[in-house]
Amino acid sequence: MARKGQVSIQDNVETNEEFQDYLIEHMDQLICMEVYSDFCGPCLATNNAIRKGKLEIGQDRIAMGKALADKVDVLARFRGKSEPVFLFIVKGKLTRAMFGANGIELCRIIEEELAFMKKELETGIERPKQPIEELLPEESEKIEMELKQEEEARQARERIRILTLAARKKRVAERMAKNLTQLNFILYWPHCHQAHVDLYEKWDLINIQVGAKETIQLTEAMVPEALYMSDVEPNEACVHALLSGEVLVVLFKMFDTDTRNFVKLLRYTLYEEIPIPKEDVPPEKQVPLVPAYERYAAVSKTVREVRRERYEAKLEKLRLEKEEQERLAAEQARLAREAEEERLYQEKKRKEEERMARIQAGLPAEPEPEASEEEVEGEGVREEIGEEEAPEVVEEEPEDQEKVVEEEEVFHSDVSVEGEDYIPPGGLFVPGLYAPPNELAKANGLAFFFPKVVQQITTLETEHLPPHVLVMFSVDKRHEVRDAMKQFPGEIIQAGIFMGEDPYAMEHVAFTIKQYDQMTRLRKQ
């Protein structure tokens, strides 16, 4: 409430009807309308500027008002915002807006707007105006800038989150690595499972043993975990090959008395050691004189090569299907011949029995009735049909061969086919096997692929903290906090003594209350 005798500078507008009446009542004046939300109220920092704009600059030429955005529909875009907004309205239309509590800028804009109104009266040329419910160019720019700032803040938070997780993951791997010195693993790509069999004799030569084997179907989200801190470049072809089937992961163990560096031992065996030629093996069966890693590595094929292979595989499948059909047809023909031979045999046997019965009865052994002309003609027709059908079956094979040749001629490897499987770019390096290059990659891989084995040796941790809250107390209540913490031993993630008010910039003083008490006593002495 204004004091007795004090003039109210701003008029209150709280409903749609009051807002429309206010525009009509001050149609010939410049309206400076402050827009605010109910939860924060009008701006107090601009009171002096508003008073100056009304009493010293505008006087009767300006009307100062303040509207509650929560109850005025045309101001709905300003609801729920705490930033002060000043709208400048001329003849019921919006001309300008100011954001923020800047009293000097507010007075300057009032002077400019009054000057524009005077110029309109003198020249008769009106300024561009727009309805109040529409966005001004400066509002659009501000919204765009706010969205950009929000996106930058989101990206910054995401970067901090990723860096925090990475730092925690590294600490977890460092703690596990200290207890996993006698373990290591090799990861084989889906197309290189045979490499483990080929290299099996190596494990005895370097005095290590296979502890476990797992076949796992990786997903795209699992690839970064499997190749954590590795020297493998996860290019498009490499990842595609890794996800094309089940990978083979082999766990190796060293004896407890073995003090060799397991990482260096396995890396040298796979990546550097060149096999020694065997004297009792022919040259064509000798293992290539390159390290195992290079022997099983490959370069992704081009689209043309992949499509050619798929096309040839399709033709081979058709050829095998045709051979199977021909085999079935031949088998059916053989069974038909055997059935016909069996029928003829039974017919002959029947006739022989009839002959013997006639002889025993004193009748002629083989009465031979004369064949009619119709039967003779029928036999001739059957013979002619048999002779005509035989060549047709023989001529089918060259027709199929011509069809296959014709399909090969129309093959186009540069044309994609609808429903065709994805083909990665050609010329990219695809390893066939991988051994971790450092202790952290080894520890993380072991925990990922063989968690049960690792759990028996050390505690499995995760870099993802469970949902939690930070609670801060004054240091003089430390003993009460300690008593409360004892009631929830499994729910407290971490506790300590810090100095400062900002959780992200505090200085760590002590790990426990007991340690802090000892430090303070020492300081008092």
Of the candidates Ala97, Ala115, Ala101, the one satisfying the condition of being exposed (fewer than 15 other Cβ atoms within 10 Å of the Cβ) and closer than 24 Å to Glu138 by Cβ is Ala115
Does Arg161 count as within 29 Å of the chain's Cα centre (by Cα), over 30 Å from Phe99 (Cα atoms), of a type outside the set (Asp, Glu) and open to solvent by 80 Å² or more (accessible area, probe 1.4 Å)? yes
Does Gln494 qualify as being open to solvent by 80 Å² or more (accessible area, probe 1.4 Å), out of contact with any strand residue (DSSP E or B) (no Cβ under 8 Å at 6 or more places or on another chain) and assigned to a helix (DSSP H, G or I)? no
Conditions: (1) within 24 Å of Val13 (Cα to Cα); (2) touching a residue at least 12 places away in the same chain (Cβ under 8 Å); (3) part of a helix (DSSP H, G or I). Glu133 meets all but one. Number of the miss? (3)
Can you tell me which residues in the stretch 250-280 are part of a strand (DSSP E or B) and either within 12 Å of Ile186 (Cβ to Cβ) or in contact with a Lys or Arg (Cβ under 7 Å, 6 or more places away or on another chain) (or both)? Val250, Leu251, Phe252
Across the stretch 73-94, what is the number of residues that are open to solvent by 50 Å² or more (accessible area, probe 1.4 Å) and in a helix (DSSP H, G or I)? 2
For residues that are open to solvent by 60 Å² or more (accessible area, probe 1.4 Å), farther than 21 Å from Lys264 by Cβ and not hydroxyl-bearing (Ser, Thr, Tyr), tally how many sit in the stretch 194-215. 5
Keeping to the stretch 240-265, report how many residues are buried (at least 18 other Cβ atoms within 10 Å of the Cβ) and either on the phi > 0 side of the Ramachandran plot or in contact with a helix residue (DSSP H, G or I) (Cβ under 9 Å, 6 or more places away or on another chain) (or both). 11
Mind checking whether some residue in the stretch 458-466 is on the phi < 0 side of the Ramachandran plot, over 27 Å from the mean Cα position of the chain (by Cα) and β-branched (Val, Ile, Thr)? yes
Are any residues in the stretch 27-72 open to solvent by 20 Å² or more (accessible area, probe 1.4 Å), in a strand (DSSP E or B) and out of contact with any Lys or Arg (no Cβ under 7 Å at 6 or more places or on another chain), and if so, which ones? Lys66
Just a yes or no: is a residue in the stretch 216-235 among the aromatic types (Phe, Trp, Tyr), surrounded by 13 or more Cβ atoms within 10 Å (Cβ to Cβ), part of a loop (DSSP other than H, G, I, E, B) and at negative phi? yes
How about the stretch 165-193: which of its residues are of a type in the set (Val, Ile, Thr) and open to solvent by 50 Å² or more (accessible area, probe 1.4 Å)? Thr181
Inside the stretch 172-197, the number of residues satisfying the requirement of being assigned to a helix (DSSP H, G or I) and in contact (Cβ under 8 Å) with a residue 12 or more places away in the chain is 11
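The values are calculated or read from the model by the stated rules, or taken from the named source; none is laboratory data. What you are looking at is a predicted structure, and each value in this text was computed from that prediction instead of being measured. Cβ: placed from backbone, ideal geometry, glycine included. Neighbour counts: every protein chain shown. Accessible surface areas use protein heavy atoms only, side chains included; no ligands, DNA or RNA. Shrake-Rupley method; radii C 1.70, N 1.55, O 1.52, S 1.80 Å.
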